[in-house]
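Structure first, commentary second.
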Amino acid sequence: MATKDNNEPKAAPALGKAAGKKRLPRKEFSPDVRLETLAVREGLPASQWGENSEALFLTSSFVHPDAATAAARFANEEESFVYSRFTNPTTMMFERRLAALEGTEAAIATSSGMSAILLMIMGLLKAGDHVVCSRSVFGATITLFDREFGKFGVQTTFVSQTDLNEWRDAIRPNTKLLFAETPSNPLTEVCDIRALAELAHANGALLAVDNCFCSPALQQPVKLGADLIIHSGTKYLDGQGRVLAGAICGSEDLVNGTFMPVMRGAGMSLSPFNAWVVLKGLETLSIRMAAQSANALQLATWLEAHPQVERVYYPGLKSHPQYALAMQQQNGSGGAVVSFVARGARGLATPEASRQAAFHVIDQTRLCSITANLGDTKTTITHPGTTSHGRLKEEQRQAAGVTQGLIRVSVGLEHIEDLKADLARGLDSLASIAQ
Ligand SMILES: *Cc1c(COP(=O)(O)O)cnc(C)c1O
């Protein structure tokens, strides 16, 4: 049971190396308190005014009682609030709450998901280091590792999402990091987090997992051995498509020892306003994930039976190649992203006919938002072949499995029958569209 919220916080428990340091107060919870409870309760104790809803501290700097205290705080001898580039109470409430949900000691918030990955690379790697990364991660992640950090002498080898042998063969003596994202976008391929963690640790490397698609409500990679969790808070954590946000979750040592000094110097900070939006978003995370995933499973099952659908990609379907692994790793849920291939009109399978069929299905929707964002309570629909994967050559797209008939749906909270009707409009009329 959680201790009651009040304005008299207990002293913080001493933590590891920093045992002598004066720490900010923590809320205390019994060790068996559940995720749903932490999602609405973890944060900082209320201020002297006793507010029930967490306050938004829109201030760039903080005032110190005297010069000696200011000196101690700047020297980092006392945990406190100094300047919102690296410390702000609203941002810290978000960090503590997210860390509690992921089951890590700490978290550090960033201005976007990409800046979380930027901060991670800057903190962990130097010229001459090597990374092994899934080929199926978010497109901007590939660019950041390959093009941007390639310039600074960090080399990355991209490997299959699902073939562990490729990961093993890619490891070199200077490999410092394995990076995975599961399930992948848009084909929902699932990689084995526990096996990757074992492989990383056997080779003196760390495993980082981008947990954007499942969120901690469905998957807690740290429990499977991962060292670092990356989040785009822009997606399910906010859940309502309002702000950009990101975070890295991990040990106290990595977050405060490795990443915080980089944050102080580089400043990819999350604004307190955005932190507040996502903090409040976390309160409904598990009910949203449950409801959106239930909708997604129904939609995927219905799509699989539709005559104009060639194939459905969804980890909650028995036809998914990693169904068993996904169910084990993702709390028995497939998540809320479903991709499917529309059959070309009159059964034609050329890329042109497939693209035309996909565009027809997308354009016939009236509810679904045509946008590449995901994780919203509003269902979004997108054609990866001409948007997120539009810059690839056709052969590269084929190799990635992103064919011209592929449609990705991030399932929201609308009524499932309304969603089916919205997609049925295009699918049912596919047979009759002109070529
Ligand atoms: C969107 C996304 C990102 C990047 O997050 P931003 O907040 O848009 O910077 C990273 N990884 C995955 C899996 C994403 O979907």
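How much mean residue ellipticity at 222 nm does the chain get from its helices, if each DSSP H run of length 4 or more adds -39500 (n - 2.57) and you divide by all residues, to the nearest 500 deg cm²/dmol?
-9500 deg cm²/dmol, from helical runs alone.
Under the Karplus relation 6.51 cos²θ - 1.76 cosθ + 1.60, θ = phi - 60°, what is the ordered set of whole-Hz ³J(HN,Hα) values for region 192-199, x standing for Gly and Pro?
8, 4, 4, 5, 5, 5, 4, 5
Please list the non-local residues whose amide H lies under 5 Å from the amide H of VAL159, H modeled 1.01 Å from N, same-chain partners needing a gap of 5 or more.
Those lying under 5 Å, H to H, from VAL159 are CYS133, SER134, ARG135.
Rounded to two decimal places and with Rh computed the Kirkwood way over Cα pairs, what is Rg over Rh for the chain?
1.00
Give the aspartates and glutamates whose C-alpha is closer than 16 Å to that of LYS378, dropping any in the same chain fewer than 8 places away, or say none.
Output for LYS378: ASP238, GLU414, GLU417, ASP418, ASP422.
Whole number in Å², please: accessible area per residue of region 16-282, 1.4 Å probe, ligands, DNA and RNA not counted.
Counting only protein heavy atoms, the per-residue value for region 16-282 is 40 Å².
Could you derive backbone 3J(HN,Hα) for region 27-34 from the dihedral phi with the Karplus parameters 6.51, -1.76 and 1.60 (θ = phi - 60°), listing whole Hz in sequence and x where the residue is Gly or Pro?
6, 10, 10, 5, x, 9, 5, 8
Share of region 286-432's accessible area from carbon and sulfur, percent, 1.4 Å?
Of all accessible area on region 286-432, carbon and sulfur atoms account for 53 percent.
Where the accessible area of region 16-282 is counted over protein heavy atoms with a 1.4 Å probe, how much of it, in %, is carbon and sulfur?
Of the solvent-accessible surface of region 16-282, carbon and sulfur hold 54 percent.
How large is ³J(HN,Hα) for each residue in region 46-58, as worked out from phi by the Karplus curve 6.51 cos²θ - 1.76 cosθ + 1.60 (θ = phi - 60°), to whole Hz, x for Gly and Pro?
4, 6, 4, 8, x, 4, 8, 7, 4, 7, 9, 8, 8
Starting from the residue with the highest accessible area, list LEU119, LEU224 in decreasing order, probe 1.4 Å.
Largest accessible area first, the list is LEU224, LEU119.
For LEU207, list long-range residues whose amide hydrogen, built 1.01 Å from N in the peptide plane, is under 5 Å from its own amide hydrogen.
It is LEU178, ASP227, LEU228, by chain and number.
Please say if region 26-152 is rounded, prolate or oblate, where rounded means a/c under 1.5 for a ≥ b ≥ c the square roots of the C-alpha gyration tensor eigenvalues, and otherwise the choice is prolate for a/b larger than b/c and oblate otherwise?
Oblate shape, in that a/c is at least 1.5 and b/c is the bigger or equal ratio.
Starting from the Cα of LYS126, draw a straight line to each of the aspartates and glutamates and keep only those under 15 Å, dropping any in the same chain fewer than 8 residues away.
ASP146, GLU148
Kindly report the accessible area of region 311-435 per residue (heavy atoms of protein chains, probe 1.4 Å, no ligands, DNA or RNA), in Å².
Normalised by residue count, the accessible surface of region 311-435 is 44 Å².
Based on the Cα atoms of region 286-432, what semi-axes does the equivalent ellipsoid have, where each is the square root of 5 times one gyration tensor eigenvalue, given in whole Å with the largest first?
Result for region 286-432: semi-axes of 23, 18, 15 Å.
Any of LYS176/LYS318; LYS151/LYS280; LYS235/LYS318; LYS176/LYS223 with alpha carbons more than 30 Å apart? Name them for me.
Too far apart for the 30 Å limit: LYS176/LYS318; LYS151/LYS280.
Suppose accessible area is computed on protein heavy atoms with a 1.4 Å probe; arrange TYR313, TYR83, TYR323 from highest to lowest.
TYR83, TYR323, TYR313
Give the cross-link partners of LYS22 among the lysines, using a straight C-alpha distance below 21 Å as the criterion and excluding same-chain residues fewer than 8 apart.
Reachable lysines: LYS10.
The values are calculated or read from the model by the stated rules, or taken from the named source; none is laboratory data. Here the structure is a predicted model, which means the values were calculated and not measured. Side chains are part of the model used for accessible areas, which takes the heavy atoms of the whole protein and leaves out ligands, DNA and RNA. Shrake-Rupley method; radii C 1.70, N 1.55, O 1.52, S 1.80 Å.
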